[in-house]
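Novice: Below are the structure tokens for one structure; questions will follow.
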């Protein structure tokens with residue numbers, strides 16, 4: 001019996017060491033050398049070096065002077081990262097979308113873009129399509145007392161055009177650029 005148990009236990013210990021310690025340490029070491037920014041969470045810092053968030057995770061912004069992110073089903077908490085799992089026929093989803101639409105609606109702008117009303121699959125998507133940002137331009141311009149044209153130039157600079165997929169704007173990066181352009185009062 002020990003002829004079978006001893007090699008089995010040795011193999012379990014060896015594989016635990018390799019897959020549970022050596023491999024993760026090697027991958028972490030390579031990532032720290034090759035991709036230090038991404039390996040450390042893609043942190044976004046302000047001009048004073050303070051961490052303001054991650055380029056990969058949306059945040060809530062309060063007030064008319066900020067571009068608003070896509071809503072989050074988990075209140076932008078990474079632990080609760082998920083979609084709302086509410087079916088289109090669920091009245092709670094319809095009520096939430098109506099509430100978001102009422103909060104964002106501007107008569108001169110027409111209907112609120114869908115990206116400002118619905119959550120992403122993770123509930124943490126930091127990007128919005130340029131059309132959803134453009135919808136918010138007059139409100140932010142009025143609150144910051146900056147021309148819409150200046151803000152549009154800021155949006156154009158912040159628009160990412162990936163090789164595959166539509167253009168997107170990282171809301172945290174855009175709001176940081178906005179703060180440098182016209183600090184909140």
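Novice: Would you kindly state how much longer the chain becomes between residue 12 and residue 45 on full extension, computed as 0.36 nm times their sequence separation minus their alpha carbon distance, in nm to one decimal?
Specialist: 7.5 nm
Novice: Listed highest first by mean packing, meaning other Cβ atoms within 10 Å per residue, what order do 51-58, 86-93 come in?
Specialist: Going from most to least packed, we get 51-58, 86-93.
Novice: Sticking with this one: How high is the FRET efficiency from residue 105 to residue 161, r the C-beta distance, R0 35 Å, rounded to 0.05?
Specialist: Here the calculated transfer efficiency is 0.75.
Novice: Which of the peptides 162-170, 175-183, 42-50 is most tightly packed, and how do the rest follow, judged by the mean count of other Cβ atoms within 10 Å per residue?
Specialist: Packing proxy ranking, top to bottom: 175-183, 162-170, 42-50.
Novice: If we sort 61-70, 10-19 on the protection proxy, mean other Cβ atoms within 10 Å, highest first, what's the order?
Specialist: 61-70, 10-19
Novice: Give me the angle, in degrees from 0 to 90, between the Cα long axis of helix 148-158 and the longest principal axis of the Cα atoms of the chain, rounded to the nearest 10.
Specialist: 20 degrees
Novice: Ok, one more. Return the label of the correct value of percent of Cα pairs over 28 Å apart, as calculated from the structure shown, out of (i) 25; (ii) 41; (iii) 19.
Specialist: Of the listed options (i) 25; (ii) 41; (iii) 19, (ii) comes from this structure.
Novice: Using only Cα atoms, tell me the angle between helix 91-104 and the longest principal axis of the chain; keep it within 0 to 90° and round to the nearest 10.
Specialist: Roughly 50 degrees, rounded to the nearest 10.
None of the figures in this text is laboratory data; all of them are computed from the coordinates on show. The structure presented is a predicted model; accordingly, all values stated were derived computationally and were not measured. Positions of Cβ are generated from backbone atoms using ideal geometry, with glycine treated the same way; all protein chains shown enter the neighbour counts.
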